[in-house]
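So the structure is just underneath, and the comments pick up after that.
The values are calculated or read from the model by the stated rules, or taken from the named source; none is laboratory data. Fair warning: this is a prediction, and the values are worked out from it, not measured in the lab. Ideal geometry is used to build each Cβ from the backbone, glycine not excepted, and the neighbour counts take in all protein chains shown. For accessibility, only protein heavy atoms count, side chains too; no ligands or nucleic acids. Shrake-Rupley method; radii C 1.70, N 1.55, O 1.52, S 1.80 Å.
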Amino acid sequence: MVKLLILADDFTGALDTSVQFAKKGAVSSVIVTPEIDFSAVDANVRVLVVDTETRHLSCNEAGKIVAQITGQAVKAGIPYIYKKTDSALRGNVGAELAAVAELVGGCIHFVPAFPEMGRTTIHGIQYVNGVPLAKSVFGEDPFEPTLISSVPDILRQGTSMPVTLVESQDAPESGSGIILYDAASQSDIKKIAVSLYNKKKLHVLAGCAGFASVLADLLPLSDTKAPPPVYPDRLLMLCGSVNPVSMLQMDHAEKLGIPRIHLPLRLLEDGIGTGDNLQKLTDDWIRTLEQKHILILDVNPPAISKSRPDVRKEERLKVADHLGLLLKRLLDDGVTATLLLTGGDTVLGVMRNLSVNSLEPLEELLPATVISRFRYQDSYYYCITKSGGFGRPDLILDLAKILRINM
């Protein structure tokens, strides 16, 4: 039965948090639907992760959806609830934390830091690699820039619920509203988690994957850990992200000889057809993948080195949908490869077009870079997912080495 419910507002975040429990042996499932029948969930699942897709909604809409699911979880008797938040505090963080807290005891403990990825919280200010959040790359995001660095101020944009800042690693004996914790290192996060554990306050929590990785050792969720599967020795990357971090990673890989195809814009604008020209393109891509064992399919045109503010949300979702159609065509043509999907919209576009309703996270290959499996038709496929803003410049090369791909 489900012991832990994780609520995330986007898909890549859902995966990088749930995998912290999966790699400890807890059977996990990530789904995309606000309509949940907890009694119908597979009896082996211990961690159920719901991608609410509320990041781009209004505060009011997001709060209602999160409240609805939380209420169902309380009625189902799920003992632990974790509200996953974005490490750059994008989305409706205050409204969603308040929605959970109001239904479960009026208090939620929130640790927004993710030190392994350079996200720290000091005196209530969120930093990215030592730079205040609003002055970091996330302040330049073309779709959802974060213009405030103070975590309490960000929370107050979505709720009037009181926010209490705890600058030590010792959980208060009592409190209400959102209890916010500073953390400058993973050691700080561990101390906070142990303090909450000792005071029996682990039932309603919030944070990103950094906090979840510590909780995985404290919550009674794990079953017998299965050995990791053998992954295909080819890597096919579909990048729908326009984040400058993702573009830097692809630029770096291309300079080292990894083939990178800039998808023709007309192909994406007109949709995926069945004409001879498209068949020739896909045949060429499959041949390249077979010869080089690794291939990048990129929606960004050549010579783009910065984020693209000209790309509207509607266009971005359309491109993600077409990438999903394109991958369906490639899989139907017999492509066998480990998939690398960059950007939450890309993952959802793929799932929609393959009629895949859930992913099973397996392990974390690199920080915030998760490999999962899904069933399409009669076969299992493995896909690596990551948020567009995560990872070092040589991430693609690192993954190729981990997967033992002979380039």
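Determine, from the Cβ-Cβ distance of Y197 and L317 and an R0 of 35 Å, the FRET efficiency 1/(1 + (r/R0)^6), rounded to the nearest 0.05. Present the calculation step by step, with values, prior to reporting the outcome.
Details: r = 41 Å, r/R0 = 1.17.
It comes to 0.30.
Summarise the accessible area of the chain (1.4 Å probe, protein heavy atoms) by the percent that is carbon and sulfur.
Details: 8420 of 16730 Å².
Carbon-and-sulfur percentage of accessible area, whole number: 50.
Mind running the shape call on the stretch 58-201? Use the C-alpha gyration tensor, a ≥ b ≥ c as the square roots of the eigenvalues: rounded below 1.5 for a/c, prolate if a/b tops b/c, oblate otherwise.
Working: a/c = 1.92, a/b = 1.18, b/c = 1.63.
It is oblate, given that a/c is not under 1.5 and a/b is not larger than b/c.
My understanding is that a pair violates if its Cα-Cα distance is over 30 Å; which of K24/K199; K3/K191; K24/K191; K135/K199; K83/K328; K23/K75 do that in this structure?
Details: K24/K199 23 Å; K3/K191 23 Å; K24/K191 20 Å; K135/K199 37 Å; K83/K328 32 Å; K23/K75 28 Å.
Beyond 30 Å between Cα atoms: K135/K199; K83/K328.
What does the charge add up to near R260, with Lys and Arg as +1, Asp and Glu as -1, over the other residues with Cβ less than 9 Å from its Cβ? Write down the numbers at each step before the final one.
Working: positive: none; negative: D251, E254, D298.
Around R260, the surrounding residues sum to -3.
Give me the three principal axis extents of the stretch 112-186 from the C-alpha atoms, as integers in angstrom, largest value leading.
41, 29, 14
For the pair K135 and Q68, what calculated FRET efficiency results from E = 1/(1 + (r/R0)^6), where r is the Cβ-Cβ distance and R0 = 35 Å, to the nearest 0.05? Let's see the in-between values first.
On the way: r = 36 Å, r/R0 = 1.04.
After rounding, the FRET efficiency stands at 0.45.
Kindly point out which whole DSSP H helices in the chain project their C-alpha atoms 30 angstrom or further along the helix axis while averaging a Kyte-Doolittle hydropathy of 1.6 or above.
Numbers: long enough: none.
Helices passing the filter in the chain: none found.
Which entry in [x] 41, 28, 24; [y] 35, 23, 20; [z] 43, 28, 20 is this structure's computed semi-axes √(5λ) of the Cα gyration tensor in Å?
Among [x] 41, 28, 24; [y] 35, 23, 20; [z] 43, 28, 20, the one calculated here is [y].
Tell me the GluC sites (Glu not before Pro) within the stretch 1-66 that lie in a loop according to DSSP and have at most 14 other beta-carbon atoms within 10 Å. Mind dumping the intermediate values first?
Numbers: sites: E35, E53, E61; in loops: E35, E53.
Passing both the DSSP loop test and the Cβ count: E35.
³J(HN,Hα) across the stretch 49-55 via Karplus (A = 6.51, B = -1.76, C = 1.60, θ = phi - 60°), whole Hz, x for Gly/Pro?
Result, rounded to whole Hz: 10, 10, 8, 7, 6, 9, 4.
I want to check the label-to-label distance for Q186 and N44. Put each point 7 Å from Cα in the C-beta direction and report it in nm to one decimal.
The modelled label-to-label distance comes out at 2.9 nm.
Which whole-number percent is the relative contact order of the chain (Cα, under 8 Å, 6+ apart)? Spell out each step's value before the answer.
Working: 866 pairs, mean separation 76.9, N = 407.
Worked out over the chain, it gives 19 percent.
If the reach is capped at under 15 angstrom between alpha carbons, list the aspartates and glutamates near K318, excluding any in the same chain fewer than eight residues apart.
Correct list for K318: E269, D270, D298, D310, D345.
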